[in-house]
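**Student:** One structure is given below, represented as C-alpha cells, and several questions about it will come after.
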Amino acid sequence: MTGNPENRRMWSGVWGYRESISITGGLFLTGIALGYALKREVTAVQWPANLFFGLFFILIIGFSAVFFRKSDTFRWLSGKKNAICAIAWYLIVITLLGFVPQKTEPSEDLLYRLGFSHILSSHYFLFAQVYLLMSLGMVTARRMNKLSVRNLAFLINHFGLWLTLFAIGLGAGDLQRVRMIINKEYPVYEGYDEHQEATGDLGLAIQLLDFSIDFYPPKAYIIEGSSGEVLEHDTYLSLKEGEYGEINGWKIHTKKYLEYALGMEEQYFPVYETGAMPAAYVVAESLDGSIISEGWISCGSYRFHGRYLELTKGQLLAMAQPEAKSYRSEIKIYTQEGDIFDAGLSVGKPVSVNGWKIYQTSYDTERGRWSEISIVELVKDPWISVVYAGMIMMVLGAFYLIITGKRKQE
Amino acid sequence: MTETLKIYAAIILSLWGLALILLAYDVLREFFFRKTSRPLAVIYHVLTLIGFGLIVTYTLSLWIHLQRPPMRTTGETRLWYSLFGILVSYSIFLVWKYKALLGGGLFFGILFLAINLSNPEALSNTLAPALQSNWFIPHVIVYILAYAILGMSWFVAVIALITRKNPRWGGKEFSIADNLVHIGFGFLTLGLVFGAFWAKEAWGHYWTWDPKETWAMITWMAYLLYIHYRLVHKKDNTQALWILVIAFVLLIVCWFGINYIAVGENSVHTYSTN
C-alpha cells in the first residue's frame, strides 16, 4: 500500500480511500436529496447543448491534466483508489437497478421520491456516471505521454470505455425511437414515441405494399378433454408431412400437411384465401397399437375455428399456432424531398433513409399471415458512430487482455 | 434425443467422476506425502479427454438434430458450460500445472451435466426471427467461455480462502486467479459488446437496461472492481478473494437467477422453457 493511512489525518497529505469514500458517499446522498427536493427526474440534454457539455467536460479534464498533472489532488482523482470507489459506487447503483422493479410513470411513493424506482433518470445515477467518467478521463489523459504496447493497451481499454459511456450519455437526448403502424391503404407519416405520444411529421411517409410470413411447421400437443389442460410433454412433435413423431404415449404420423387450407364437413382443402389456416391429416396410434385414430386437425385462424382429433374419450390431439420463422414487409417510402422508392424490411435487416433506420418489429399477431398492418420502428441515433468507435476499442482491448492475461507482478 | 442424452451423460459422468476421484487422490497424496504417480496421472488425463470428446460429439449431434445452434435454453447453455469448463480447466492445467483447477473443471462439468440429466427439457427446434443472427453464436460462445473461466477463478479463490492459513499453502492461487480474471474479463467484454452490436441490428438499440443487460453490467463491473483492487492490494489479500467469490455469485444471478427475480419478467433474454 502507498502511504500510511493510519497515521495520516483525513483531508491532509496524499488523499486515499477515506476521502474518496466520503466524497462519493456524499455525492450519492446529495443526489438522493436533490431528487427528493426538486421532485423531478433528470432529462437528457439535446443537441447542441450536449455537445457544449461534452466539450466543457473534456476541457476540464485536459486542463487539469496539463496544468495540475503533478498536484496531489489530480493524482488522487485519477488514481487507482479513487477508481475503485468510482467503480464501487456505480456498481452499487446498478445492483439496486438489478433488484428494484422500476416504474415507467411518476408516482408519489417514497421509493420513487428517493429515486429508487426510476434509477436511470435519478440525479445520483447521473453523478455516479459523471464521477466514473471523470476518473476514467483523467487517468487516460495522465497516461497519454508514454508510448509502449502495454500503455497503448491501457489507453485503448480506458479510453474505449470512456468514449462509449461518454457518447451514450451525451447522445441519449438525441436518440429518437418512433413506433409506426403502417398499412396498405395509405402512407403513414407519423408515429408514437416511448411515451405513446404522437410525433407529428417525421419527414418521411411509409406505406405497406405486402406483408409475408414464413412459419415453422406447427407443433402438436395433447389436451385433457375434461379440463382443457395441455398434458405435460418432454418431447416436441412437429407436424411435417410424411414424418413420424411421438408424444405422451402416442405415435403420430402426419400424412398430409396443408399450410393454407379451409375446412368443409370434416375435410380440408388447399385454399389460399384470407383467413386460411394450416391443417394436417394425422394418424395417431397408441404405443401398444391397441387404439388407432385418424383425421384432420387444425389450429384455426382469426376467422375460422380449429379442429381437434379425439384419441380416446378423455384425450384430444390439437395443433398449436405455428411460430414465425421470419416475416417481411415490402414497403414504399416517400421522403419530404420528393423521393419515392420501394424497400424490403425484415427482422435484423433495417433500412436507412434520411438519417432514420427503419426496423421491422411486429405485426398483427392475431391475424398472423393475414395481418393487414406491419409494425415498424424508426430510430435516429446520430451518436452511434462515436459509441461504436468506443466499443471497437473495447473489443481490441479485450483481445489484449485475453492474449496476455495478467503479467507477473511488476 | 432425450434418451440419447441419458446414455451420453451417463457415460461422460462415470468417466469424469472416476477421473475426479483419481485426481483428488493424487492431489491429497501430493499434499500430505509429497508423492505423485505418473500412471495414475495418465489415467485421469485419458478419462477426462475421452469424456470431452463425447460431450463435443453429443453437442454437435444435437446441433445437427435441432437444425439450429443449441444455445437457446438454460439446459443447452449448461451443456456448453460443461464442455467449456473442461476445455478451459484442462488447458490452464497444462499451462500452470495446477491440478486443483482440473478438479474444479471436472466438478463443474459433472455438476452441470447432472442437472441436465435430472431435468431433461423438451427440445424445440424453432428460433424466433430476432435470434437468427450472425451474432448469436459468437455472443453465446464468448459468454459461456467467460463464465467457464471466471467459474475457475471462483474455484481458485475458494481453495485459497480455505487453505491459505495452512503452512503448506503454495500461494500460487493469486497469480492464477488474476490471470483467469483478466482473460475471463476479456471474454466478458467481448460478450457485452457483441450483444450490443446484435441488439442494434435486431431491436433497434444497443443497450436498453433490459434486466439481463443490467445484470451483465453488474457482473462486468464487479470483475472490473477486482482487477483494480488487486492493482492497489498486491499482496495476499482476503478481501480480494471475497470480491471474487461475490462476483461469481452475481454472475450466476445474471446467468439463470434472473428467471427467479421479479425484475426479470420482461427480459428478451429470459430463456424459453416451454
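**Student:** Please specify each residue of the range A:346-405 satisfying the condition of being touching a helix residue (DSSP H, G or I) at 6+ places or on another chain (Cβ under 9 Å), of a type in the set (D, E, K, R) and surrounded by 19 or more Cβ atoms within 10 Å (Cβ to Cβ).
**Tutor:** Scanning the range A:346-405 gives A:GLU377, A:ASP381.
**Student:** If I go through the range A:16-57 residue by residue, how many of them are part of a loop (DSSP other than H, G, I, E, B), in contact with a Ser or Thr (Cβ under 7 Å, 6 or more places away or on another chain) and surrounded by 17 or more Cβ atoms within 10 Å (Cβ to Cβ)?
**Tutor:** Here the count works out to 1.
**Student:** Quick check: is even one residue across the range B:173-189 open to solvent by 10 Å² or more (accessible area, probe 1.4 Å), more than 8 Å from every other protein chain (Cβ to nearest Cβ), of a type outside the set (Phe, Trp, Tyr) and out of contact with any strand residue (DSSP E or B) (no Cβ under 6 Å at 6 or more places or on another chain)?
**Tutor:** Yes, the conditions are met somewhere in the range B:173-189.
**Student:** What number of residues within the range A:140-188 are in a loop (DSSP other than H, G, I, E, B) and touching a residue at least 40 places away in the same chain (Cβ under 8 Å)? Give the steps one after another, and end with the answer.
**Tutor:** First, the residues of the range A:140-188 that are in a loop (DSSP other than H, G, I, E, B): A:146-148, A:175, A:184-187.
With touching a residue at least 40 places away in the same chain (Cβ under 8 Å) added as a condition, the list becomes A:175, A:184, A:187.
Looking only at that region, the number is 3.
**Student:** Any residue at all in the range A:82-91 that's at the interface with chain B (Cβ under 10 Å from one of its Cβ atoms) and outside any helix (DSSP H, G or I)?
**Tutor:** no
**Student:** Another question, then. Does A:GLN102 meet the test of being of a type outside the set (D, E, K, R), under 28 Å from A:PHE28 (Cβ atoms), open to solvent by 20 Å² or more (accessible area, probe 1.4 Å) and in a loop (DSSP other than H, G, I, E, B)?
**Tutor:** Yes: the conditions hold for A:GLN102.
**Student:** Something else about it: Which condition number does A:LEU114 fail, the rest of (1) open to solvent by less than 70 Å² (accessible area, probe 1.4 Å); (2) under 28 Å from A:LEU163 (Cβ atoms) being met?
**Tutor:** (2)
**Student:** Out of the residues in the range B:227-242 that are assigned to a helix (DSSP H, G or I) and within 10 Å of chain A (Cβ to nearest Cβ), state the one that is most open to solvent (accessible area, probe 1.4 Å).
**Tutor:** In this case the residue turns out to be B:LEU231.
**Student:** Looking at B:LYS165 and the list (1) open to solvent by 40 Å² or more (accessible area, probe 1.4 Å); (2) outside any helix (DSSP H, G or I); (3) more than 26 Å from B:LEU15 (Cα to Cα); (4) at the interface with chain A (Cβ under 9 Å from one of its Cβ atoms), which single condition is not satisfied?
**Tutor:** With respect to (1) open to solvent by 40 Å² or more (accessible area, probe 1.4 Å); (2) outside any helix (DSSP H, G or I); (3) more than 26 Å from B:LEU15 (Cα to Cα); (4) at the interface with chain A (Cβ under 9 Å from one of its Cβ atoms), B:LYS165 is out only on (4).
**Student:** Hey, could you check the range B:129-154 for residues that are away from every other protein chain (no Cβ under 14 Å) and open to solvent by less than 40 Å² (accessible area, probe 1.4 Å) and say which is farthest from B:ALA240 (Cα to Cα)?
**Tutor:** Top of the filtered list is B:VAL140.
**Student:** While we're here: Can you tell me which residue in the range B:190-221 is surrounded by the fewest Cβ atoms within 10 Å (Cβ to Cβ), limited to those that are assigned to a loop (DSSP other than H, G, I, E, B) and within 9 Å of chain A (Cβ to nearest Cβ)? Step through it out loud before you land on a result.
**Tutor:** At the first step, the residues of the range B:190-221 found to be assigned to a loop (DSSP other than H, G, I, E, B) are B:204-210.
From what is left, the residues that are within 9 Å of chain A (Cβ to nearest Cβ) are B:204-207, B:209.
Numbers: B:GLY204: 22, B:HIS205: 16, B:TYR206: 21, B:TRP207: 16, B:TRP209: 14.
Ranking the candidates gives B:TRP209 first.
**Student:** Which of the residues spanning the range A:268-293 are under 16 Å from A:MET319 (Cα atoms) and more than 45 Å from the chain's Cα centre (by Cα)?
**Tutor:** A:SER293
**Student:** Pick out the one residue from A:ASN151, A:ASN145, A:ASN82 that is surrounded by 19 or more Cβ atoms within 10 Å (Cβ to Cβ) and either farther than 22 Å from A:LEU29 by Cα or more than 29 Å from the chain's Cα centre (by Cα) (or both). Spell out how you get there, then give the answer.
**Tutor:** Values: A:ASN151 fails: surrounded by 19 or more Cβ atoms within 10 Å (Cβ to Cβ); A:ASN145 fails: surrounded by 19 or more Cβ atoms within 10 Å (Cβ to Cβ).
The unique qualifying residue is A:ASN82.
**Student:** Could you tell me how many of the residues in the range A:231-246 are surrounded by fewer than 14 Cβ atoms within 10 Å (Cβ to Cβ) and either among the polar types (S, T, N, Q) or under 31 Å from the mean Cα position of the chain (by Cα) (or both)?
**Tutor:** 1
**Student:** Continuing with this model, one more query. Can you find even one residue in the range A:214-229 that is out of contact with any Gly (no Cβ under 8 Å at 6 or more places or on another chain), of a type outside the set (A, V, I, L, M, F, W, C), away from chain B (no Cβ under 14 Å) and within 20 Å of A:THR361 (Cβ to Cβ)?
**Tutor:** Scanning the range A:214-229, I find no residue that is out of contact with any Gly (no Cβ under 8 Å at 6 or more places or on another chain), of a type outside the set (A, V, I, L, M, F, W, C), away from chain B (no Cβ under 14 Å) and within 20 Å of A:THR361 (Cβ to Cβ), so the answer is no.
**Student:** While we're on this one: Taking into account only those residues within the range B:112-124 that are surrounded by fewer than 16 Cβ atoms within 10 Å (Cβ to Cβ) and over 18 Å from the mean Cα position of the chain (by Cα), which is farthest from B:LYS200 (Cα to Cα)?
**Tutor:** For the range B:112-124, the residue satisfying everything is B:SER118.
**Student:** Of the residues B:LEU23, B:LEU62, B:LEU83, B:LEU79, only one is open to solvent by less than 20 Å² (accessible area, probe 1.4 Å) and in contact with a Lys or Arg (Cβ under 7 Å, 6 or more places away or on another chain); which?
**Tutor:** Working: B:LEU62 fails: in contact with a Lys or Arg (Cβ under 7 Å, 6 or more places away or on another chain); B:LEU83 fails: in contact with a Lys or Arg (Cβ under 7 Å, 6 or more places away or on another chain); B:LEU79 fails: in contact with a Lys or Arg (Cβ under 7 Å, 6 or more places away or on another chain).
One residue alone meets the criteria, B:LEU23.
**Student:** Go through the range A:338-388 and report how many residues are within 13 Å of another protein chain (Cβ to nearest Cβ), within 30 Å of A:THR164 (Cβ to Cβ) and free of Cβ contacts under 8 Å to residues at least 40 places away in the same chain.
**Tutor:** Residues meeting the conditions: 14.
**Student:** When B:LYS97 is evaluated against the numbered criteria (1) at pLDDT 90 or above; (2) open to solvent by 20 Å² or more (accessible area, probe 1.4 Å); (3) of a type outside the set (Phe, Trp, Tyr), which criterion, by number, is the only one it fails?
**Tutor:** (1)
The values are calculated or read from the model by the stated rules, or taken from the named source; none is laboratory data. Just so it is clear, the structure is predicted and the values come from calculations on it, not from any experiment. No Cβ is skipped: glycine too gets one built from the backbone with ideal geometry, and neighbour counts run over all protein chains shown. Protein only, heavy atoms only, side chains kept; ligands, DNA and RNA dropped before computing areas. Shrake-Rupley method; radii C 1.70, N 1.55, O 1.52, S 1.80 Å.
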